[in-house]
1. Say R0 is 25 Å: what FRET efficiency, to the nearest 0.05, do Ala535 and Gln388 get from their beta-carbon distance?
2. Once the Cα atoms of the stretch 41-122 are picked out, what are the Rg and Dmax in Å?
3. Can you give the charge dipole size of the chain about its Cα centre, rounded to the nearest 20 debye, using +1 on the beta carbon of Lys and Arg and -1 on the beta carbon of Asp and Glu?
4. Pulled fully out, how much extra length does the chain show between Glu127 and Asp94, if you take 0.36 nm times their separation in residues and subtract their Cα-Cα distance?
5. Check the straight Cα-Cα distances from Lys448 and name the lysines below 16 Å, setting aside those fewer than 8 residues away within the same chain.
6. Could you give me the percent of Cα pairs per 5 Å distance bin for the stretch 323-536, shortest bin first, beginning at zero and ending with the bin that holds the maximum distance?
7. Taking the Cα centre of the stretch 67-244 as origin and charging only Cβ (+1 Lys, Arg; -1 Asp, Glu), how large is the dipole, in debye to the nearest 20?
8. What nm value, rounded to one decimal, do you get for the distance between His331 and Glu254 when each label is placed 7 Å out toward the C-beta?
Amino acid sequence: MISFSNINKQYGKQLIFVDASFQLNSGEKVGLVGPNGSGKTTLFRMVTGEESADDGDVSVPKKTTIGYFRQDVEEMSGRTVLDEAIAGSGRVGDLHHELESLQQALEDPTRADEMDKILDRFGHVQEEYEHLGGYTLEAQAREVLHGLGFKDDQIDGDVGALSGGWKMRVALARVLLGKPDVLLMDEPTNHLDLESIIWLEEFLKNYSGALLMTSHDREFMNRIVSKIAEIDAGEIITYTGNYDFYERERTIRETNQQAQFSRQQAMLAKEQRFIDRFKTHAAKAAQVQSRIKALDKIEKIELPKKRQVVKFEFRTPARSGDQVAMLENLHKSFGPRVIYDGFNLTVRRGERWAVMGRNGAGKSTLLKMIAGALPPDAGDVRLGASLQMGYFAQQSLEVLNPDLTIDEQLQRDFPQDTIGSLRSLAGAFQFSGEDVDKKIRSLSGGEKSRLAMARMLFNPPNFLVLDEPTNHLDLATKEMLVEALKNFEGTMIFVSHDRMFLRGLGTRVLELGGESGTERNPRVYPGSYIEYVQALGHEAPGIYA
C-alpha cells in the first residue's frame, strides 16, 4: 500500500535515513520504534506529504485516505465536543456539517430565491452522506467519545472549556471516526486512563485499515501490532512479531553481529600481521599486494550499537514508623459531586498501593489530600512518625528553575555530590552528553517530568506519593524506574495507567468508582495487582470480563 524505496533524508549534518526501504501493507498493524531523533516523526510526515525525501521514492496510492494523530493539537473552540469530533473526521464529517448548513438555509426566508439551488445541493449531499453511513455518524461519535472517557455532559459541552489533555482525546476521536485506510498514531495512549487504553486496544485490534504507530506502552504495543519497524542509524529494519518478539530477535541479532565482528577482526589482524611481516620481502611482494587488495574489498562488519540504558541504584531511605498514613472518615465533594463519603484507609510501612479508577473517581484527589496539597471537607489525614514524603504530580514541574541548565539544577539541589554521580542520575533518566547543558525553559513537558522525577528519587524520601509518574517516560526509562523501585525500601501509593508499572510494583490495590461509572464504595484488595486481575477478571474498574 505505502512503500519507501531507498530513501535518503538529511537535516544539516544529521543523517536521518540512508538508503532506507520499508513497506506498509493493507491491513497491517506495525509498531514504529527507535530512539528520540531517529526519524519516526519524519517518517510520518513523509507519508502525509508534509515532508519529502532528499532521494528515493515514497509511494502512497492516490485514493488512500490517511488519518494522522499527533501530539501537537490545534486550537479548538466554538463547537461542542461532539461537533468538533465529527468536524475533522474526513469526508463524512464535512458532509455532516454541510447538511446542517443547508438545513438552516432551507429554513431561511431571506433565501427563498435560492431555494431550487439549495434543494438540489441538499439532495446530492444527502445521497453521498447516506452512502457513507453518515446517519449513524453521531451515534458512532458518541460511542468513540464514551470509549475515550467522555461523559454525556462533556460531549454536549463546549470543547474550548477542556484541558489540553482532553482536547488530545477529541483529536484522537476525530481520527478514529474518519475510518481512514491508514492510521498514523504518535503515542496515542499518552493522555488516556487505563480504561480508555483498554477500549482503544479493542478498537484498533478490530480496525480493518493499516496502522503505523509509536507507543511507550509495551502492553498496548504487544496486544495490537504484528510487525515492528525499527529505525536504526538511518536504516529501517523490520521484525515480524510483537514488541516482545522484536526485543528477543534484536538481542539475538546483536549477539550474532558481535560474534561475526569478532571473527572478522581476528581474520583482519592475522592478514595484517602477514602484510606487516613480509611487505619488505621481494619474494612475497605479489602475495602481500594480493592480500592488501583483498582486504580493501572486504565489507567491514560494524560493532552493534549499544543502546545506552543507564541503571541507577537509588539510595536507601531512612526507616519510617510502621503506620505511614491513616485516613479516617474522609469526606470530599466538588459542588454536588461527592467523591469521598466517610472513607478510611491505613497505609503501612513497605506497602505499595496502586490506586485504580475511572477519570473523576478521585484518584488524584486522594493523593493530593495525603500529600497535604488539598484539604478534605471533613475527616483526618494523619501521617506516621519519622516520615519524609516525596509527592510527584504534574505540578512538581513548577519547582524547576527555567533559567538553569539541567546540570546546574542538579548541582544546586545536591551540592555535596560529585559531578559523576549527578551525570549518572541524569543519564538514568535519558539526559546524556550535551543534553545536560539544555536550559530547563527549553525542555519539553516530558523532559521536565523526567528531571523532576530524577531530583525526587536521588535521595529518596521514605514515602512516595506518585501521580502518573510514567507519563512521557520512554520504555527504557520506565523499565529502569520499575526495576529501581522494586528494591525501594520505603512505602508507595501511586496512580498509573501503565500495566507494566502496575504489575511490577503494586502489592495492594485500592479500586475507586464502579461499574459503568455508577458510584460504589471504594474496594480494598489485599493482594498484588497481578492477583487482583486474576481474582476479579478485569484490568481496571469498569472493564469487566
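1. According to the calculation, E is roughly 0.15.
2. Just the Cα atoms of the stretch 41-122 yield Rg and Dmax of 18.9, 58 Å.
3. Once rounded to the nearest 20, the dipole reads 3280 debye.
4. Stretched fully, the Glu127-Asp94 segment lengthens by 10.5 nm.
5. Cross-link targets: Lys438, Lys439, Lys478.
6. Each 5 Å bin holds this share of Cα pairs: 1, 7, 14, 18, 19, 15, 12, 7, 5, 2, 0.
7. Rounded to the nearest 20 debye, it is 440 debye.
8. The two pseudo-label positions are separated by 5.7 nm.
Rule-based calculations on the coordinates, nothing more; no lab input. Keep in mind that what you see is a predicted model, and the values were worked out from it rather than measured. Virtual Cβ from ideal backbone geometry, glycine too; neighbours counted across all protein chains shown.
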